[in-house]
Amino acid sequence: MTNTIAEVKKPILSLKDLSIAYDKNYAVKNVSVEIKKNTVTAIMGPSGCGKSTLLRALNRMHELYENISTEGEAFLNGNNIYDMSPIKLRRHMGMVFQRPNPFPTMSIYDNVIAGYKLNGIRTKKKERDEIVERSLRDVALWDEVKDSLFKKGTFLSGGQQQRLCIARALAFSPEVILMDEPTSALDPVATSKVEDLLVKLKENYTIVLVTHNMSQAARISDYSLFMYLGELVEYGKTKNMFTNPIDPRTEEYLTGKFG
Amino acid sequence: MKSTFAWKDHTSRRLLKDKAVLVGVVVLSLITISPIVLIISKLVAEGYQQISLDFLIKNTPDTFEAMTAVANGEKIPGGIANGIVGTLLMVTLASAIAIPIGVLTGIYLYENQGKFMANLTRNISDILQGVPSIVLGLISYLWVVKHITNGFSALAGSVSLAIMMLPMIVRSTEETLKMIPQTLKEAALALGVPYHKVILKVLVPTGFSGLSTGILLGISRILGETAPLLLTALGSSIINLDITQPTSAVPLLIWEFYNDPNMIGLIWSSSLLLMAIVLILNIVSKQIAGKRN
């Protein structure tokens with residue numbers, strides 16, 4: 001392994017001078033980053049540093065809110081994200097939120113297949129069954145729920161619900177999965193299950209993970225971004241960043257001086 | 001000099017105050033619930049004799065039949081089927097008009113919080129709620145009776161009832177949607193679901209119990225409306241299913257019975273029936289709302 005970041009060739013995601021403002025107050029300032037395919041990339045930083053804001057810009061979630069404006073460019077496989085239709089983009093970029101949010105009116109089965117159902121994509125029953133089983137197996141939930149597939153998703157425990165939400169994102173076979181502190185509402189056992197899952201998932205997907213938890217980033221991510229006050233302070237291999245941070249601010253954060 | 005036991009006196013005074021307040025609360029609560037208890041007991045006591053299958057499936061008797069029965073000390077023959085069918089017809093039609101418009105307006109208000117047009121719409125809808133029902137009857141008379149059906153009609157009655165229901169549905173839709181967590185909407189959008197489908201397939205089903213509570217309360221509100229119907233549906237002594245023709249309704253019949261000394265006996269039973277339906281709708285909507293929480 002080399003110590004440089006230059007080895008990111010043909011990145012799946014590349015951000016160029018991305019800035020995001022809430023009513024003219026910049027929360028993310030000129031971030032340029034290239035993210036490698038089939039890796040787990042962690043975005044770290046203290047509260048309010050803009051890490052969730054940056055993540056949510058990638059699937060254009062900010063467009064829901066009128067006071068948020070985005071400048072700069074971002075590319076998915078070379079295609080400008082902001083030129084694509086947001087609907088199409090989001091089908092390539094799944095998202096998992098901080099708190100598990102299964103659709104309360106739907107069964108476990110329907111929650112997994114929700115992407116197809118809500119989009120009105122016709123599938124044969126056999127196909128649907130396969131997608132549901134595959135997605136639930138991917139998140140190691142199949143054995144726990146296979147006998148209660150038609151119960152409401154909200155009856156599951158918090159950790160199971162979060163894995164259900166990951167399965168829902170996987171069902172569509174996206175290229176990138178954006179995760180916004182996916183374990184912050186989970187207990188340690190559920191957290192470790194989700195973490196194991198992420199390491200396994202990177203074989204087929206690219207994962208961008210916002211985390212508050214430095215040891216989580218150290219455990220599971222290949223690359224890390226350290227953000228502070230909206231700026232990208234440091235980006236590199238997680239291993240290197242934790243052992244030999246370049247920027248003094250990164251070092252101070254990692255050693256617990258602030259954050 | 002103060003006695004060291006002075007605080008003891010305060011305690012007993014406080015306990016006394018406590019009791020007085022408790023008694024006050026109980027008495028006031030009793031006063032609050034007494035009208036409904038008195039109304040229901042009076043309706044049951046006076047009305048139950050007339051309630052029978054005939055009462056539900058036969059049309060209103062004419063004055064002469066009723067007079068003969070009263071003179072012979074018998075039960076008044078006939079029933080209020082024309083009123084029941086008319087009420088069902090007009091309430092259904094009013095709901096068919098008001099529910100889609102109200103729900104869509106509610107969604108519009110929810111989606112455009114703080115915007116000028118939405119605020120204007122919300123305020124106008126609130127004002128509409130305060131418009132006296134007789135005025136709505138007059139408006140519907142002008143619009144529908146005069147220009148569409150060229151005569152008193154169920155349609156005219158339904159339009160006035162629909163306008164009455166509208167603000168309640170608008171408000172309850174908006175309030176219900178506001179209670180659904182934003183993350184659910186984001187979850188659906190993050191799956192690449194188009195906006196209209198997020199609303200129709202995720203938000204509306206999730207808020208279904210809230211929406212149906214609002215709609216049921218709206219229905220129970222218009223069930224007993226009399227004033228606008230006097231000017232629009234007029235009434236009918238037979239069952240009418242043609243929406244362009246004059247139609248009866250239970251509250252209209254109660255008004256007619258009140259004006260006919262021979263029919264007084266039917267007032268109580270009709271009121272009992274109306275009250276029972278309204279009560280059931282209220283209980284059902286409370287059940288649905290309770291289930292959600």
(request) Give just the number: which of (1) within 14 Å of another protein chain (Cβ to nearest Cβ); (2) surrounded by fewer than 19 Cβ atoms within 10 Å (Cβ to Cβ) does A:GLY94 not satisfy? (result) (2)
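What number of residues within region A:176-203 satisfy the criterion of being touching a strand residue (DSSP E or B) at 6+ places or on another chain (Cβ under 8 Å) and surrounded by fewer than 18 Cβ atoms within 10 Å (Cβ to Cβ)? Steps first, please.
Residues of region A:176-203 touching a strand residue (DSSP E or B) at 6+ places or on another chain (Cβ under 8 Å): A:176-182, A:198-199, A:201-202.
If we keep only those that are surrounded by fewer than 18 Cβ atoms within 10 Å (Cβ to Cβ) as well, we get A:199.
Final tally of qualifying residues: 1.
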(request) Test each condition in (1) surrounded by 17 or more Cβ atoms within 10 Å (Cβ to Cβ); (2) closer than 16 Å to B:ILE101 by Cβ; (3) at pLDDT 95 or above for B:GLY157 and report the one that comes out false. (result) (2)
(message) Tally up the residues in region B:194-235 that are within 14 Å of chain A (Cβ to nearest Cβ) and in a helix (DSSP H, G or I), please.
(response) 17
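Would you tally the residues in region A:61-91 being among the β-branched types (Val, Ile, Thr) and facing chain B (nearest Cβ under 9 Å)? Don't jump to the end; show me each part of the working.
First, the residues of region A:61-91 that are among the β-branched types (Val, Ile, Thr): A:68, A:70, A:81, A:87.
The next check asks that each one be facing chain B (nearest Cβ under 9 Å); those that pass are A:87.
Going through region A:61-91 one residue at a time, the tally reaches 1.
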(request) Kindly check whether there is at least one residue in region A:206-228 that is closer than 16 Å to A:ASP138 by Cβ, touching a helix residue (DSSP H, G or I) at 6+ places or on another chain (Cβ under 9 Å) and outside any helix (DSSP H, G or I). (result) yes
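Considering region B:65-80 alone, what residues qualify as being in contact (Cβ under 8 Å) with a residue 12 or more places away in the chain and either part of a helix (DSSP H, G or I) or in contact with a Lys or Arg (Cβ under 7 Å, 6 or more places away or on another chain) (or both)? Reasoning before the result, please.
Step one: of region B:65-80, the residues in contact (Cβ under 8 Å) with a residue 12 or more places away in the chain are B:65-67, B:70, B:75-80.
Within region B:65-80, B:GLU65, B:ALA66, B:MET67, B:VAL70, B:GLY78, B:GLY79 qualify.
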(message) Out of everything in region A:135-174 that is among the charged types (D, E, K, R) and more than 13 Å from chain B (Cβ to nearest Cβ), what residue ends up being surrounded by the most Cβ atoms within 10 Å (Cβ to Cβ)?
(response) A:ARG163
(message) All but one of (1) surrounded by 15 or more Cβ atoms within 10 Å (Cβ to Cβ); (2) of a type in the set (Gly, Ala, Ser); (3) more than 14 Å from chain B (Cβ to nearest Cβ) hold for A:SER32; state the number of the condition that does not hold.
(response) (1)
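Taking B:LEU191 as the residue in question, decide whether it is over 27 Å from the mean Cα position of the chain (by Cα) and hydrophobic (A, V, I, L, M, F, W, C). Steps first, answer last, please.
Values: over 27 Å from the mean Cα position of the chain (by Cα): yes; hydrophobic (A, V, I, L, M, F, W, C): yes.
Yes; evaluated as a whole, the condition is true for this residue.
Out of curiosity, is B:THR87 at negative phi, surrounded by 10 or more Cβ atoms within 10 Å (Cβ to Cβ), touching a helix residue (DSSP H, G or I) at 6+ places or on another chain (Cβ under 6 Å) and at pLDDT 95 or above? Break it down into steps so the answer makes sense when it comes.
Working: at negative phi: yes; surrounded by 10 or more Cβ atoms within 10 Å (Cβ to Cβ): yes; touching a helix residue (DSSP H, G or I) at 6+ places or on another chain (Cβ under 6 Å): yes; at pLDDT 95 or above: yes.
Here the answer is yes, as B:THR87 does meet what is asked.
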(message) The conditions are (1) surrounded by 19 or more Cβ atoms within 10 Å (Cβ to Cβ); (2) over 27 Å from B:THR226 (Cα atoms); (3) not acidic (Asp, Glu); (4) not assigned by TED's automatic domain parsing to the domain that holds B:ILE199, and B:HIS10 fails exactly one of them. Which is it?
(response) (1)
(request) Write out, first by first residue and then by second, each pair whose Cβ atoms fall under 9 Å of each other, whose residues are 6+ apart or on separate chains, and whose first residue, in region B:176-191, is closer than 20 Å to A:LEU89 by Cα while the second is among the small types (Gly, Ala, Ser) and in a helix (DSSP H, G or I). (result) B:ALA187/A:ALA114; B:ALA188/A:ALA114; B:ALA190/A:ALA169; B:LEU191/A:ALA114; B:LEU191/A:GLY115; B:LEU191/A:ALA169
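Taking the options B:LEU252, B:LEU274, name whichever one is touching a residue at least 60 places away in the same chain (Cβ under 8 Å), more than 14 Å from every other protein chain (Cβ to nearest Cβ), under 19 Å from B:GLY83 (Cβ atoms) and touching a helix residue (DSSP H, G or I) at 6+ places or on another chain (Cβ under 6 Å). Before you say what the answer is, go through the steps one by one.
On the way: B:LEU274 fails: touching a residue at least 60 places away in the same chain (Cβ under 8 Å).
Step by step, each of B:LEU252, B:LEU274 is checked, and only B:LEU252 is touching a residue at least 60 places away in the same chain (Cβ under 8 Å), more than 14 Å from every other protein chain (Cβ to nearest Cβ), under 19 Å from B:GLY83 (Cβ atoms) and touching a helix residue (DSSP H, G or I) at 6+ places or on another chain (Cβ under 6 Å).
Restricting the search to region A:103-120, which residues are part of a loop (DSSP other than H, G, I, E, B) and at the interface with another protein chain (Cβ under 8 Å from one of its Cβ atoms)?
Start the filter on region A:103-120 by keeping residues that are part of a loop (DSSP other than H, G, I, E, B), which leaves A:103-106, A:113, A:120.
Selection gives A:PHE103, A:PRO104, A:THR105, A:GLY120.
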(request) Would you mind telling me which numbered condition in (1) closer than 30 Å to A:PRO188 by Cβ; (2) within 14 Å of chain B (Cβ to nearest Cβ) A:VAL132 fails? (result) (2)
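The values are calculated or read from the model by the stated rules, or taken from the named source; none is laboratory data. The model shown is predicted, which means the values in this text are computed figures rather than measured ones. Glycine also receives a Cβ, built like all others from the backbone with ideal geometry; neighbour counts cover every protein chain displayed.
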